[in-house]
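Please read the structure below before turning to the comments.
Just so it is clear, none of the values below were taken in a lab; they were calculated from the coordinates. Just so you know, these numbers come straight off a predicted model, no measurement behind them. Using ideal geometry, Cβ is built from the backbone for each residue, glycine included, and neighbour counts are taken over all protein chains shown.
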Amino acid sequence: MLPHLIKASATKTENRKKIVILTATSGDTGKAALESFADVEDTSIIVFYPESGVSQIQERQMTTQEGANTHVIAIRGNFDDAQKGVKAILGNKLFSEKLNKKGYMFSSANSINIGRLIPQIVYYIYAYLELLRNSKVSTGEKINIVVPTGNFGNILAAYYSKKMGLPVNKLICASNVNNVLYDFINTGIYDRKRRFIVTNSPAMDILVASNLERLLFDMAEEDPKMIKKLVAGLSKEGEFSISEKMKKGLEDFYGGFATEEETFESIGDIYRKYNYLIDTHTAVGYSVYKKFKKDTGDDSLAVIASTASPFKFPGSVAEAIDSKHGLADEFRLMGVLSEMSGIDIPGALSEIEKKEVIHKKTCSINDMEDVAARILEI
């Protein structure tokens with residue numbers, strides 16, 4: 001949907017510049033954005049991803065992307081490094097001036113762009129309407145929403161849907177062992193000074209959740225000076241703490257996290273009980289939801305956001321179901337998962353191993369701006 005929103009916005013504002021989409025991805029956003037913007041007139045898209053921070057399938061999805069206006073670069077760092085680099089480029093006034101002279105302007109396709117969050121709000125309203133249609137809830141009955149969370153975008157959309165009137169009790173923020181959001185929700189202290197851990201749920205391997213700024217802005221009664229102070233503290237000292245008054249805004253949330261072992265257990269548990277495959281991120285959500293029920297005794301109906309296909313993480317999913325698959329090739333394991341579940345391999349993934357790798361560039365964190373400049377010839 002985002003390309004259509006951007007084109008409509010450009011038309012409405014009478015913008016005649018070519019739009020450059022600059023995005024950092026932890027795996028999923030990158031492919032979605034590339035597919036959406038490939039060969040779209042008057043756009044160009046540059047995607048940076050962490051070289052060792054995505055699954056083999058996710059990487060192949062991006063590096064085989066066709067389209068004359070698509071550019072994919074692996075960085076030698078993690079997602080936080082990629083996101084920090086993208087933000088630095090977007091905030092560089094001199095670079096923007098050069099871009100402007102060439103007839104370009106920047107935008108982004110990951111969740112730092114509000115255009116990503118607007119459609120996600122609809123997910124939760126739609127989910128509630130489906131529950132009503134199927135007589136699972138009565139009108140006005142509150143539900144809980146569980147979201148596997150990394151950059152805090154998807155769960156923020158759920159928060160906005162609640163503010164708009166959706167009957168929601170708790171927003172359950174599910175983290176993996178990079179549990180900086182879990183700590184923040186439970187203490188009011190955001191501390192990124194910790195070891196970055198590469199996990200089997202890579203879209204959640206994030207220590208600086210960009211969209212948290214939007215929640216803080218709401219909690220601080222839309223005081224931009226307060227938010228600037230908090231974000232500066234995070235940048236300079238690696239942490240910030242919020243006031244007791246702001247902490248009241250966290251009452252909408254429950255924070256929990258799942259270990260790697262718990263993630264694997266959840267995948268196996270769901271498969272054996274329901275013959276249903278879930279990916280590693282959804283498994284984090286399910287695991288944290290079980291803890292929420294145990295901690296609170298709240299047995300209200302819950303919607304768990306299943307945020308990725310299990311076929312994008314076949315190694316972890318197959319191993320969780322049967323450890324004998326632990327060392328097998330991920331491309332072969334997609335077939336194994338298909339046989340296990342009776343579900344066809346998604347069309348976009350079925351022939352991906354045979355597709356030509358088009359994008360082979362890598363760069364250091366410090367070279368991201370230079371790489372973007374060379375691509376755009378500025």
_So if I place +1 on the C-beta of Lys and Arg and -1 on the C-beta of Asp and Glu, and nothing else carries charge, what would the dipole magnitude of the chain be about its Cα centre? I want it in debye, nearest 20._
1040 debye
*Among SER364, CYS173, GLY238, flag the residue with its Cα farthest along the positive direction of the charge dipole of the chain, charges on Cβ as +1 for Lys/Arg and -1 for Asp/Glu.*
GLY238
*What does the charge add up to near SER323, with Lys and Arg as +1, Asp and Glu as -1, over the other residues with Cβ less than 13 Å from its Cβ?*
-3
*How big is the charge dipole of the stretch 169-278 about its Cα centre, in debye rounded to the nearest 20, if each Lys and Arg gets +1 on its Cβ and each Asp and Glu gets -1 on its Cβ?*
240 debye
*Take every DSSP beta bridge whose two residues both sit in the stretch 116-309, then give the antiparallel share in percent to the nearest 5.*
20 percent
*At what distance in angstrom do the alpha carbon centres of the stretch 2-59 and the stretch 328-366 lie from each other?*
21 Å
*Just report the Cα centroid separation between the stretch 68-130 and the stretch 214-238, whole Å.*
20 Å
*asked:* If I take every Cα pair under 8 Å that is 6 or more residues apart in the chain, average their sequence separation and divide by the length, what percent do I get for the relative contact order?
replied: 20 percent
_With an 8 Å Cα cut-off and a minimum separation of 6 or more residues, compute the relative contact order for the stretch 116-309 in percent._
27 percent
*With the contact rule set at Cα under 8 Å and sequence spacing of 6 or more, what percent relative contact order holds for the stretch 1-121?*
32 percent
_Can you tally the net charge around LEU215? Count Lys and Arg as +1, Asp and Glu as -1, for every other residue whose Cβ sits under 14 Å from the Cβ of LEU215._
-2
_Ranked by how many other beta carbons lie within 10 Å on average, peptides 159-171, 274-286 from highest_ = 274-286, 159-171
*Add -39500 (n - 2.57) for each DSSP H run of 4 or more in the chain, then divide by its residues: what number comes out at 222 nm, to the nearest 500 deg cm²/dmol?*
-14000 deg cm²/dmol
*Report, in debye and to the nearest 20, how large the dipole of the stretch 31-140 comes out about its Cα centre when Lys and Arg carry +1 and Asp and Glu carry -1 on their Cβ.*
340 debye
_I need the peptides 295-308, 47-60 ranked by packing, meaning the mean over residues of other C-beta atoms within 10 angstrom, with the highest value on top._
47-60, 295-308
*asked:* Can you compute 3J(HN,Hα) from phi for each residue in the stretch 29-42, using the Karplus curve 6.51 cos²θ - 1.76 cosθ + 1.60 with θ = phi - 60°, rounded to whole Hz and x for Gly and Pro?
replied: 4, x, 5, 4, 5, 4, 5, 5, 9, 4, 6, 6, 4, 6
_Less than 15 Å Cβ to Cβ from ASN179, Lys/Arg counted +1 and Asp/Glu -1: what total charge do the surrounding residues give?_
-3
*Please list the non-local residues whose amide H lies under 5 Å from the amide H of LYS361, H modeled 1.01 Å from N, same-chain partners needing a gap of 5 or more.*
ALA74
